[in-house]
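The values are calculated or read from the model by the stated rules, or taken from the named source; none is laboratory data. Please read these numbers as outputs of a predicted model, since none were measured by experiment. Backbone-built Cβ (ideal geometry, glycine too); neighbour counts: all protein chains shown.
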Number of protein chains: 2
Amino acid sequence: MSAIDQIREELLRASYLKSAEAVLQWDQETYMPPGAGAARADQIAFLSGLIHERMTSERLKEALYELIDLQTGELRTITLNERETRLAKEAWKDYRKEAALPAKFVAELSHHASTSQQAWTQARKESNFVTFQPHLEKMVELQKEKAGYLSLGGSTYDTLMDLFEPGMTTEQAASLFKALRQRLVPLIREIQEVKHRVNNSVLSKNYDLDKQWSFGEGILRAIGFDFNHGRQDRSAHPFTTGFHPTDVRTTTRLRENDLKSALLATLHEGGHALYNMGLPAEEFGNPLGEYISLGIHESQSRLWENLVGLSTPFWQYAYPKLRATFPEQLKDTDKDQFYAAMNKVRPSMIRVEADEATYNLHVMLRFEIEQLLINDDLPVAELPALWNDKMEEYIGIRPTNDSEGVLQDVHWSFGAFGYFPTYTLGNLYSVQFYNQARKDIPGLEDQYAHGKFAPLLDWLREKIHSKGRSVTASELIMDVTGEELSAEPFLNYLEEKYRGIYSLG
Amino acid sequence: MSAIDQIREELLRASYLKSAEAVLQWDQETYMPPGAGAARADQIAFLSGLIHERMTSERLKEALYELIDLQTGELRTITLNERETRLAKEAWKDYRKEAALPAKFVAELSHHASTSQQAWTQARKESNFVTFQPHLEKMVELQKEKAGYLSLGGSTYDTLMDLFEPGMTTEQAASLFKALRQRLVPLIREIQEVKHRVNNSVLSKNYDLDKQWSFGEGILRAIGFDFNHGRQDRSAHPFTTGFHPTDVRTTTRLRENDLKSALLATLHEGGHALYNMGLPAEEFGNPLGEYISLGIHESQSRLWENLVGLSTPFWQYAYPKLRATFPEQLKDTDKDQFYAAMNKVRPSMIRVEADEATYNLHVMLRFEIEQLLINDDLPVAELPALWNDKMEEYIGIRPTNDSEGVLQDVHWSFGAFGYFPTYTLGNLYSVQFYNQARKDIPGLEDQYAHGKFAPLLDWLREKIHSKGRSVTASELIMDVTGEELSAEPFLNYLEEKYRGIYSLG
């Protein structure tokens, strides 16, 4: 067996275990009885260990070593074609990330992540950062140690961010955020002066949960979610997972007095799911069959959630159906009013409830703070105060307690430092992709205004989903749009949209 | 680490994988999207392989060898206490069953089981035994080969049955069936002469599915099913599985025109689930934490389904609630009429729809035929004709096609020869256990006639569930009842019951 086939085989085996682990995690969030948590944790911990063993096995290492310098990642052979080269290099990157960490450290980190997340849950419930502080302090230290093992020369934060957005640098991300901030802060201020122009009270009327559910499923079906190869369930926090391109699961949440939340969560997770369903099944089990980065994944969810789901043509299609579902609640609201209500800008404490205009400032705040923590420029004890100051500076409101402030997100508790920027990168990618789709597909928006979403999905499938990880994020955006990642398209989109909705000058 | 601890550790690890595999199988039958079957099959096949590797690992073998002669199962040490001895011996039995089969044979068998089951599905749909025949012929050959690897001196059929009911012999099972046949056949004939005395048409009125579901959940809750450590879902064929005593899943099926089917399936699977929930969690992952045999497992399901669920005191408790749920449908039926309707004896083609009186004759037919097949006394081609002859002889009706005849059960298609008798053994055990419970618990039936099921469940927990596999089936029945397994208690129970319901002389 050739080295490249041996790599494929070893990784495929690891993928079966990863799929099994993902099924167990999906079940845990959807159907598992509440008292089964301890047994499930044991099962998942054991599978995680096996996956780590497979991802660092001697057989994999030997096959990689035939092709690649294990220290530098440089090719050691000229026998591979272009795709094989890519496969080998990506497999090496994954191998290195697993193999660089000492087993003892992995166990310590995994154990602390579990403890720390539990402490966060409790602290958030009590809105008391102090009880979480020592756990976060230790987590920051462990993350620095982790970056030490993994670094290939970049900064600590570069190394951590690379785990979620391969190839992205702190410098590039900082420059994108700077550009966003310069135009977003004044835009939001301008909107706030005329905020009365949009009334969104219709969204908090009482909406029957079963009807919301059916409407959401109808939307998923319309945009091309394949229920033969996926399903939607309910969970406390919406998420998407996939065990194979033929088995993709999303969840959503429903609230009686919040029509917007479920709709957008359904579209958001639906976008993630379409990406997972569109990954090349023939490459399942090796890097070429996987998603490129969290930023690219988020671009797919945000494209369907925001670019499509919060657009005028989408509601031209969907509003008559929604109104037929909820005739009483929507009888005094016309399509344009509904569209404006869904798009109302309202500075809020909570990131996941933020509108398109303020969302990236929430992310920027986290991006700045986590760099300070990782670089030892901010004692963890001072985190809540700085958080609140920055909220006031960027968003214009000040949290009154830790729950609606620094404790709102789970990420840091389990060690996801460098993850937050991918949310904003996703927003930026999504606009550039969407603009290109509009150029490439004649009458795109007119088509989906009449319920035809297939042209857009086909385009995404061809240009993005089917690529798997055969290209990097920066190659992808260049291949698809001919341009590098930039904040300008996003800012132009947002300004034009809100100038319309709020009749700004 | 001591050898016994090493055995525990190795088996615990295998158990995590078995739990993961069981979650994947549960998901496959409940929520998995229809198009995900091929990917799931790959995942499960890989996990099965890993489980086999773990169950036959060098580390396990070495630890066992320290304690036990791997050929004979004789103890090689005097250092173990009684429970440790049992653990080691049971672990050796399990190890031997895995290790005795060559890997190549396991792969061939597993592959043929999958092909053959698909052929059965198709043949059953088309009611055409001939297309299934070659697959069954090959399966019979593979089963004989399997028994050859596994035999410790007993007959081929002994060896196969031992996989499902350890310790049971063909001779003992045959003698039990003979006793059953002698009294069941005339009893059923006698009942058929006065069959008009019971009318069960009330059961096929229209019953709302959601209400059936809620009523069933209420019954499960009442008998002690712990929804903190289990759940019930819907599936095409009701089943029970467990990933740990704290995570037990049952399914049931609902039909609008069949009130009895869902109710009894819920109680049946509920009985299995109570056993799984009551297994000793502190022994999870080793044989002492497992169930004894399929017959004992079935005794728990049949005890709740038949001894309790088809009894007068049960309906004294449950009928007022059922009537409140379906006031319109049940308004002309009183408790005694309903009890009789649920217990109506009606010879039917299909085993799983059979009443308590005819059920074991369905099993006996299979027990006789599968011995003929395994012993080369019946060409597979002649199976349908013999099946139909025996149906006429034992049950008094003759199938008119293969679907309602020889193709009705899936078991043989995937190689489960020697499995069927455990259904009848479960019925026999259940009556002996129940009779003993009545002796041990003052006013047992009066208690559950008033909704108090805890005394019975506590008794089962103490006497049976908590034992795990620390005793054999024959030791258990002797320990609990002071008697050996016998057909007489079952026959006495049945005759007394039906003499009442049908006012027989």
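Please find, within segment A:215-244, the residue that is surrounded by the fewest Cβ atoms within 10 Å (Cβ to Cβ) out of those that are hydrophobic (A, V, I, L, M, F, W, C), in a loop (DSSP other than H, G, I, E, B) and more than 8 Å from every other protein chain (Cβ to nearest Cβ).
We begin by selecting, within segment A:215-244, every residue hydrophobic (A, V, I, L, M, F, W, C); these are A:215, A:219-220, A:222-223, A:225, A:227, A:236, A:239, A:243.
Checking the rest, the ones that are also in a loop (DSSP other than H, G, I, E, B) come to A:225, A:227, A:236, A:239.
Then keep just the ones that are more than 8 Å from every other protein chain (Cβ to nearest Cβ); that gives A:225, A:236, A:239.
On the way: A:F225: 26, A:A236: 9, A:F239: 17.
Among residues in segment A:215-244 that are hydrophobic (A, V, I, L, M, F, W, C), in a loop (DSSP other than H, G, I, E, B) and more than 8 Å from every other protein chain (Cβ to nearest Cβ), the one surrounded by the fewest Cβ atoms within 10 Å (Cβ to Cβ) is A:A236.
Every residue in segment B:246-287 that is under 17 Å from the mean Cα position of the chain (by Cα), within 14 Å of chain A (Cβ to nearest Cβ) and part of a helix (DSSP H, G or I), please.
B:A273, B:N276, B:M277
Kindly list, by first and then second residue, each pair from a residue in segment A:377-389 that is buried (at least 18 other Cβ atoms within 10 Å of the Cβ) to a residue that is among the basic types (K, R), limited to pairs with Cβ atoms under 8 Å and residues at least 6 apart or on different chains.
Hits for this filter: A:N388/A:R398.
Each row is one residue, and each column tells you yes or no for (1) loosely packed, with under 15 Cβ neighbours inside 10 Å; (2) charged (D, E, K, R).
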| residue | (1), (2) |
| --- | --- |
| B:S430 | no, no |
| B:D446 | yes, yes |
| B:H450 | yes, no |
| B:E475 | yes, yes |
| B:E484 | yes, yes |
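Mind checking whether some residue in segment A:303-310 is within 15 Å of A:H465 (Cβ to Cβ) and modelled with pLDDT of 95 or more?
Yes, segment A:303-310 contains a residue that is within 15 Å of A:H465 (Cβ to Cβ) and modelled with pLDDT of 95 or more.
What are the residues in segment A:1-34 that are assigned to a helix (DSSP H, G or I), facing chain B (nearest Cβ under 10 Å), over 24 Å from the mean Cα position of the chain (by Cα) and modelled with pLDDT of 95 or more, if any?
A:L12, A:R13
Inside segment B:334-415, counting only helices (runs of 4 or more DSSP H) that do not spill past its ends, which hold 3 or more residues that are under 17 Å from the mean Cα position of the chain (by Cα)?
Details: elements: B:335-342, B:356-374, B:383-394.
Answer list for segment B:334-415: B:356-374.
If A:K89 satisfies all but one of (1) of a type in the set (D, E, K, R); (2) within 20 Å of A:S413 (Cα to Cα); (3) in contact with a strand residue (DSSP E or B) (Cβ under 9 Å, 6 or more places away or on another chain), what's the number of the condition it fails?
Result: A:K89 fails condition (2) only.
Are any of the residues in segment A:69-81 buried (at least 17 other Cβ atoms within 10 Å of the Cβ), more than 14 Å from chain B (Cβ to nearest Cβ), touching a residue at least 40 places away in the same chain (Cβ under 8 Å) and assigned to a loop (DSSP other than H, G, I, E, B)?
Going residue by residue through segment A:69-81, those that are buried (at least 17 other Cβ atoms within 10 Å of the Cβ) are A:80.
Adding the requirement that they be more than 14 Å from chain B (Cβ to nearest Cβ) leaves A:80.
In the following step, the residues that additionally are touching a residue at least 40 places away in the same chain (Cβ under 8 Å) were identified as A:80.
Narrowing the set further to residues that are assigned to a loop (DSSP other than H, G, I, E, B) leaves A:80.
So far as segment A:69-81 goes, yes, one or more of its residues are buried (at least 17 other Cβ atoms within 10 Å of the Cβ), more than 14 Å from chain B (Cβ to nearest Cβ), touching a residue at least 40 places away in the same chain (Cβ under 8 Å) and assigned to a loop (DSSP other than H, G, I, E, B).
Kindly list, by first and then second residue, each pair from a residue in segment A:319-344 that is free of Cβ contacts under 8 Å to residues at least 40 places away in the same chain to a residue that is of a type in the set (D, E, K, R) and assigned to a helix (DSSP H, G or I), limited to pairs with Cβ atoms under 7 Å and residues at least 6 apart or on different chains.
These pairs meet every condition: A:Y319/A:K335.
Consider B:D479 against the criteria (1) touching a residue at least 40 places away in the same chain (Cβ under 8 Å); (2) within 30 Å of B:E282 (Cβ to Cβ): it satisfies all of them except one. Which criterion is unmet?
Unmet for B:D479, out of (1) touching a residue at least 40 places away in the same chain (Cβ under 8 Å); (2) within 30 Å of B:E282 (Cβ to Cβ): (1).
Just to be sure before I move on: is A:A39 touching a helix residue (DSSP H, G or I) at 6+ places or on another chain (Cβ under 9 Å), more than 14 Å from chain B (Cβ to nearest Cβ) and among the small types (G, A, S) in the structure I sent? Give the steps one after another, and end with the answer.
Numbers: touching a helix residue (DSSP H, G or I) at 6+ places or on another chain (Cβ under 9 Å): yes; more than 14 Å from chain B (Cβ to nearest Cβ): no; among the small types (G, A, S): yes.
Spelling it out, it is not the case that A:A39 is touching a helix residue (DSSP H, G or I) at 6+ places or on another chain (Cβ under 9 Å), more than 14 Å from chain B (Cβ to nearest Cβ) and among the small types (G, A, S).
Suppose the filter is out of contact with any Cys (no Cβ under 8 Å at 6 or more places or on another chain), within 14 Å of another protein chain (Cβ to nearest Cβ) and either buried (at least 19 other Cβ atoms within 10 Å of the Cβ) or outside any helix (DSSP H, G or I) (or both); does A:R54 pass it? Talk me through it step by step, then tell me what you get.
Values: out of contact with any Cys (no Cβ under 8 Å at 6 or more places or on another chain): yes; within 14 Å of another protein chain (Cβ to nearest Cβ): yes; either buried (at least 19 other Cβ atoms within 10 Å of the Cβ) or outside any helix (DSSP H, G or I) (or both): yes.
Considered against the rule, which asks whether it is out of contact with any Cys (no Cβ under 8 Å at 6 or more places or on another chain), within 14 Å of another protein chain (Cβ to nearest Cβ) and either buried (at least 19 other Cβ atoms within 10 Å of the Cβ) or outside any helix (DSSP H, G or I) (or both), A:R54 comes out as yes.
Among the residues of segment B:175-194, is there at least one that is over 30 Å from B:S261 (Cα atoms) and surrounded by fewer than 16 Cβ atoms within 10 Å (Cβ to Cβ)? Walk me through how you get there before you give the answer.
First, the residues of segment B:175-194 that are over 30 Å from B:S261 (Cα atoms): B:175.
Checking which are surrounded by fewer than 16 Cβ atoms within 10 Å (Cβ to Cβ) leaves us with B:175.
Yes.
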